[in-house]
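Colleague: Sending over a structure as structure tokens; questions will come in a sec.
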Amino acid sequence: MWARSARGSRAARLVLRGSLQRQPWREASSAAEVALKKTPLFEFHRASGGKMVEFAGWSMPVQYTDSHINSHMHTRQHCSIFDVSHMLQTKVHGKDRVKFMESLVVADVEELKDNQGTLSLFTNDKGGIMDDLIVTKTDQSYLYVVSNAGCSDKDSAHMKAKLAEFKAAGFDVDLEFLEDALIAVQGPSMKRVLQEGLKEDLQKLPFMFSALTAAFGVPCRITRCGYTGEDGVEISVPSSRVVELTEKLLSNPEVKLAGLGARDSLRLEAGLCLYGNDIDETTTPVEATLVWTIGKRRRQTKDFPGADIIVPQIKNKTAKKRVGLVSSGPPVRPHTPILSTDGKVIGEVTSGCPSPCLKKNVAMGYVDSAFSKNGTQIQVEVRKKAIPATISKMPFVPTNYYSG
């Protein structure tokens, strides 16, 4: 998914290659780990050398025996498996399922082809982003929805409340929350590795399309998407068989396990939002430069939550805008002030890290719209010192999505 939730301890810090990387996770103590939710791969992570941390109420691997940088580069050059089973998977059933979903999100779900998905946004009546999600219109008489772990309680309650409204009005719709595991297989070697275990031709499954199949004999749903900018898939698989499938994939020397650390730097190089950092209920899709998620028909009908606020912003512009920026020197972290060249505060960084691929700092944040043009010279305030930076087009590293 393009944006994933950052719910967790913001005070936490993870040492990555000698620099303090402020991250939305914290190392889990033995006592705390008991209370954390665990994915079906939890014991497999520990046996594989995973360093477990708290993330959105789950015990998740931040990295394995490889360094964060090596894991990041392995994904860019080969193939990595990420456990994303903590994310909320939902099926929406019933003949009114599209009408139901469109009452919650900005996407034109109706126009999707069979088994095609799209990134969309839950919005509130004030135009703020409640969460980002992927909605897939399957040919199995249901919608398949994947949303963020950190927003799972909020999202499920939001959908249930709307469901009650729809049922009271006589509409035919129902929700099914899945307990299946979910793994992401990402990187240029993915196609060759996964193809060995499939009867179907992966070349016939382009970006953002999904299929029910079996991989290495394990029944699953494969969706060609991901959060790294590389060609990849997310595989929904019965929890009882996810270890089996993961082991089959890891038997290929091209494949390694990767954790939250690499996932965060990969998504940032790809210019992808992290929910809770880069987008939240105080930002609108227009401010976040996510206008492309709003279906053209939906802009005309204005029948999604917050449309009366969001649609006029498309034409009238907004006071602030999400941008990318690059700099050299000390790393740029969330909440770093963004300054004009004359020292005036014009915005704030929401995500930032040293780029393993580019060998310089990359970040995103919000600035006054007058400073949002690519190439604009600005400054970032790091440790009370103004560092030169430049507004930059995103993604910082070219994406390699497979379009068929």
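Colleague: Counting only other residues whose beta carbon sits under 12 Å from that of SER240, what net charge do I get with K and R as +1, D and E as -1?
Modeller: Surrounding charge for SER240 is -2.
Colleague: Any idea of the accessible area per residue across region 85-157, 1.4 Å probe, to the nearest Å²? Don't skip to the answer; put the middle values down first.
Modeller: Values: 2220 Å² over 73 residues.
Solvent-accessible surface per residue comes out at 30 Å².
Colleague: Could I ask something else about it? Taking every pair of distinct Cα atoms and averaging 1/r, then inverting, what Kirkwood hydrodynamic radius in Å comes out for region 236-337?
Modeller: Numbers: mean 1/r = 0.0569 Å⁻¹.
Across region 236-337, the inverse of the average 1/r is 17.6 Å.
Colleague: Contour minus end-to-end for ASN124 and GLN300, with contour as 0.36 nm per residue of separation and end-to-end as the Cα-Cα distance?
Modeller: Numbers: separation 176, 0.36 × 176 = 63.36 nm, distance 1.82 nm.
Answer, rounded to one decimal: 61.5 nm.
Colleague: Given H placed 1.01 Å from N in the peptide plane, which residues other than close sequence neighbours of VAL332 have an amide H under 5 Å from its amide H?
Modeller: Amide H neighbours of VAL332: CYS353.
Colleague: Continuing with the same structure: Residues of region 88-102 with backbone nitrogen within less than 12 Å of a virtual label 7 Å along the Cα-to-Cβ line of GLU165, please, listed as ranges.
Modeller: 100-102
Colleague: Related question: Would you mind telling me the share, in percent, of accessible area of region 166-290 contributed by carbon and sulfur at probe 1.4 angstrom?
Modeller: Numbers: 2220 of 4270 Å².
Reported share for carbon and sulfur atoms: 52 percent.
Colleague: For PHE216, what residues show an amide H to amide H distance below 5 Å, using hydrogens built from the backbone and excluding near sequence neighbours?
Modeller: Amide H to amide H, under 5 Å and 5 or more residues apart or across chains, PHE216 pairs with GLY197, LEU198.
Colleague: Please state the Cα pair-distance histogram of region 333-386 with 5 angstrom bins from zero: what percent is in each bin?
Modeller: For region 333-386, the pair-distance distribution reads 5, 20, 30, 27, 14, 4, 0.
Colleague: Given the options GLU179, GLU281, GLU247, state which has the largest fluctuation in a GNM of the chain using a 10 Å cut-off (strictly under) for Cα springs.
Modeller: GLU247
Colleague: Kirkwood hydrodynamic radius for region 44-107: how many Å is it when counted over pairs of different Cα atoms? Each step should come with its number before you reach the end.
Modeller: Numbers: mean 1/r = 0.0667 Å⁻¹.
The answer is 15.0 Å.
Colleague: On a 18 Å Cα-Cα criterion, which of the cross-link pairs LYS373/LYS393; LYS113/LYS204; LYS95/LYS204 come out too long?
Modeller: On the way: LYS373/LYS393 9 Å; LYS113/LYS204 14 Å; LYS95/LYS204 28 Å.
Cα-Cα > 18 Å for LYS95/LYS204; rest within.
Colleague: Per residue, how much accessible surface does region 219-332 expose to a 1.4 Å probe? Answer in Å², no decimals.
Modeller: Numbers: 3930 Å² over 114 residues.
Heavy-atom accessible area per residue stands at 34 Å².
Colleague: So for the pair THR282, ASP308, with labels modelled 7 Å out along Cα→Cβ, what separation do we get in nm?
Modeller: Using points 7 Å along Cα→Cβ, the separation is 2.4 nm.
Colleague: Per 10 Å bin, what percent of the C-alpha pairs of region 65-169 does each bin hold, from zero upward?
Modeller: 13, 39, 28, 14, 6, 0
Colleague: Give me the log10 of I(q) over I(0) for region 121-190 at q = 0.14, 0.20, 0.21, 0.24 Å⁻¹, as the Debye formula computes it from C-alpha points; what are the numbers?
Modeller: The Debye formula, applied to the Cα set alone, gives -0.57, -1.06, -1.14, -1.33.
Colleague: Would you mind computing, in nm to one decimal, how far apart the modelled labels at ALA319 and HIS335 are, each placed 7 Å from Cα along Cα→Cβ?
Modeller: Taking the simple label geometry, ALA319 and HIS335 are separated by 2.2 nm.
Colleague: Put one equal scatterer on each alpha carbon of region 202-245, apply the Debye formula with no solvent term, and list log10 I(q)/I(0) at q = 0.13, 0.29, 0.30 1/Å to two decimals.
Modeller: Calculated log10 I(q)/I(0) at the listed q: -0.28, -1.05, -1.08.
Colleague: Quick check: net charge around THR390, other residues with Cβ under 15 Å of its Cβ, Lys/Arg +1 and Asp/Glu -1? Each step should come with its number before you reach the end.
Modeller: Details: positive: LYS360, LYS373, LYS393; negative: none.
Here the count lands on +3.
Colleague: How big is the convex hull of the Cα atoms of the chain, per residue, in Å³?
Modeller: Numbers: hull volume 54.2 nm³, N = 404.
Measuring per residue, one finds 134 Å³ for the Cα hull of the chain.
Colleague: Quick one: in region 250-404, what % of C-alpha pairs are over 20 Å apart? Don't skip to the end; give the middle numbers.
Modeller: Numbers: 6480 of 11935 pairs.
Value for region 250-404: 54 percent of Cα pairs lie more than 20 Å apart.
Colleague: Given LYS317/LYS385; LYS38/LYS91; LYS167/LYS315; LYS38/LYS248, which pairs have Cα atoms separated by over 25 Å? Kindly include the intermediate steps, with their values, before the conclusion.
Modeller: Values: LYS317/LYS385 32 Å; LYS38/LYS91 22 Å; LYS167/LYS315 36 Å; LYS38/LYS248 22 Å.
Over 25 Å apart, Cα to Cα: LYS317/LYS385; LYS167/LYS315.
Colleague: Moving to a separate point now. Going 7 Å from the Cα of LYS37 along its beta-carbon direction, which residues of region 256-300 have the amide nitrogen within less than 15 Å of the resulting point?
Modeller: What the label zone holds, given the 15 Å backbone N cut-off, is no residue at all.
Colleague: Further, regarding this structure: In the chain, which helices (entire DSSP H runs) extend 18 Å or more along their own long axis, judged by Cα positions, while averaging at least -1.0 on the Kyte-Doolittle scale? Intermediate values should be presented prior to the final figure.
Modeller: Details: long enough: 152-168 (24 Å, -0.89).
TM-like helix candidates: 152-168.
The values are calculated or read from the model by the stated rules, or taken from the named source; none is laboratory data. In this text the structure is predicted, and so the values were computed from the model without any measurement. Ideal geometry is used to build each Cβ from the backbone, glycine not excepted, and the neighbour counts take in all protein chains shown. To get the accessible areas, we keep the full protein, side chains included, count just its heavy atoms, and leave off ligands, DNA and RNA. Shrake-Rupley method; radii C 1.70, N 1.55, O 1.52, S 1.80 Å.
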